[in-house]
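Participant: Encoded as structure tokens, here's the structure I'll be asking about.
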Amino acid sequence: MVATISGTLRSFLLPFARHFRDRGWQVDGMAQGVDNCSDCQTTFDHIWDIQWSRNPLDLKNLLVAPRAIREIVEREGYDLVHVHTPVAAFVTRYALKDLRQQGKCKVIYTAHGFHFHPGGDSLKNRVFLTLEKIAAHWTDYLVTINRTDQQAAITHQLLALPSIWYMPGIGIDTDDCSPARVDLDQVETARDELGLFDGTPLLLCVAYFDPGKRHRDILKALANLDRSDFCIAFAGEGGEFTNLQQLVSELGLTDRVRFLGHRDDIKVLMRAATATILVSEREGLSRSVMESLSLEVPVIGTRIRGIEESIDDGCGIMVEVGDIQAISEAVTWVLDRPQAAAAMGKKGRERMVANNDLRQIISLHEKLYAEAIAKRSE
């Protein structure tokens, strides 16, 4: 299992590694910084630290990393190499193109949201689509995690249709991520920490501070509200933090905004919230949205791939990207109708259990891997 950074392995792929190791497989992990990830060290049979960069323009990605990857894969004799995230996926497939052609391994690529997408810059879309078409020649199976990307892969003929698989994300443990597993005392402690002693409604946004997540839209929408009976908390880190702090001050929202930084108690914070908000311009399939719904907390989200298919049909409120007024109206709705919002959340959990449970996604991986290994043996 290959990802650009160890955080991807740790946050998303450890349940898969545990499952297949329990079945007697050797499962190894490869990523930058994996040597410093204790969870990865104890979960995978072996780990390989690859010094590549998340910057796709960094030359060492194609000058240094491929040789190391090829040497490891050829020496270890892997049957399957499953790659995730853009840089790792492109570089690894490039490194293994000859080994794959020789029948020494099968290469599977899970696209966590193509970088070309509806609403994206036309020039960037052409560049990223071209790169995906090039790398498709080095790929045996392509897994898409939302229907928009599935259709794009088919339309652009990235691979033959039988080799394009759809899976609704990489799963969420709906037993662990459930209201029953969140301690109410911890919820009250979190609310006390935020200074919410009087039942003030809490809104929560969990997202890296990046311009594409459009935190600014949320702040502008809240500034439009002629009310102060709410608080919003932003959990996350990133380069936009200082700019967002300044904007909060300029908009006069200081008393209603909390910046929480990195948090390990996201489930508790979500259960403390009336709703979560994610108004990104691009997503693959949002983990924070799925966690929120699994915890019976409704979502205000943008009408984009990776969000709308989770919250449509009454599991949340959808707004167009950049529509400040619509965000304001959505916030007003959940604040004024807490019972209806709670009903939305319950419907969201029903959807997560039915469609996105981790066990179902692992089962789909079992089928995919079985087919890939069978074809490798032909």
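The values are calculated or read from the model by the stated rules, or taken from the named source; none is laboratory data. What you see is a predicted model; the values in this text were computed from it and never measured. Cβ atoms come from the backbone with ideal geometry, glycine included; neighbour counts cover every protein chain shown. Areas reflect the complete protein model, heavy atoms only, side chains present, ligands, DNA and RNA absent. Shrake-Rupley method; radii C 1.70, N 1.55, O 1.52, S 1.80 Å.
Participant: Which of (1) at pLDDT 95 or above; (2) under 18 Å from the mean Cα position of the chain (by Cα); (3) more than 24 Å from Arg271 (Cβ to Cβ) does Arg305 not meet, given it meets every other one?
Facilitator: Every condition holds for Arg305 apart from (1).
Participant: Continuing with the same structure: Every residue in segment 312-336 that is in contact with a Leu (Cβ under 7 Å, 6 or more places away or on another chain) and either modelled with pLDDT under 95 or small (Gly, Ala, Ser) (or both), please. Break it down into steps so the answer makes sense when it comes.
Facilitator: Taking segment 312-336 first, the residues in contact with a Leu (Cβ under 7 Å, 6 or more places away or on another chain) are 315, 328, 331-332.
Those that are in contact with a Leu (Cβ under 7 Å, 6 or more places away or on another chain) and either modelled with pLDDT under 95 or small (Gly, Ala, Ser) (or both): Cys315, Ser328.
Participant: Can you find a residue that is open to solvent by less than 20 Å² (accessible area, probe 1.4 Å), modelled with pLDDT of 95 or more, of a type in the set (A, V, I, L, M) and outside any helix (DSSP H, G or I) anywhere in segment 354-369?
Facilitator: No: segment 354-369 contains no residue that is open to solvent by less than 20 Å² (accessible area, probe 1.4 Å), modelled with pLDDT of 95 or more, of a type in the set (A, V, I, L, M) and outside any helix (DSSP H, G or I).
Participant: Just name the residue that is nearest to Asp264 (Cα to Cα) out of those in segment 5-26 that are of a type in the set (Lys, Arg) and assigned to a helix (DSSP H, G or I).
Facilitator: Taking the candidates together, the pick is Arg10.
Participant: Checking Asp58 against (1) open to solvent by less than 40 Å² (accessible area, probe 1.4 Å); (2) charged (D, E, K, R); (3) part of a loop (DSSP other than H, G, I, E, B): exactly one of these is not met. Which one?
Facilitator: It is condition (1) that Asp58 fails.
Participant: Quick one: which residue in Ile72, Ile47 is in contact (Cβ under 8 Å) with a residue 40 or more places away in the chain and among the β-branched types (Val, Ile, Thr)?
Facilitator: From the options Ile72, Ile47, the qualifying one is Ile72.
Participant: While we're here: Go through segment 156-180 and give me each residue that's more than 14 Å from the chain's Cα centre (by Cα) and either open to solvent by less than 20 Å² (accessible area, probe 1.4 Å) or among the small types (Gly, Ala, Ser) (or both).
Facilitator: Those that are more than 14 Å from the chain's Cα centre (by Cα) and either open to solvent by less than 20 Å² (accessible area, probe 1.4 Å) or among the small types (Gly, Ala, Ser) (or both): Leu158, Ala160, Ser163, Ile164, Thr174, Cys177, Ser178, Ala180.
Participant: Moving on. Go through Ala372, Ala341 for me and flag whichever is under 23 Å from Ala207 (Cβ atoms), out of contact with any Cys (no Cβ under 8 Å at 6 or more places or on another chain) and in contact (Cβ under 8 Å) with a residue 60 or more places away in the chain.
Facilitator: Exactly one residue qualifies, and that residue is Ala341.
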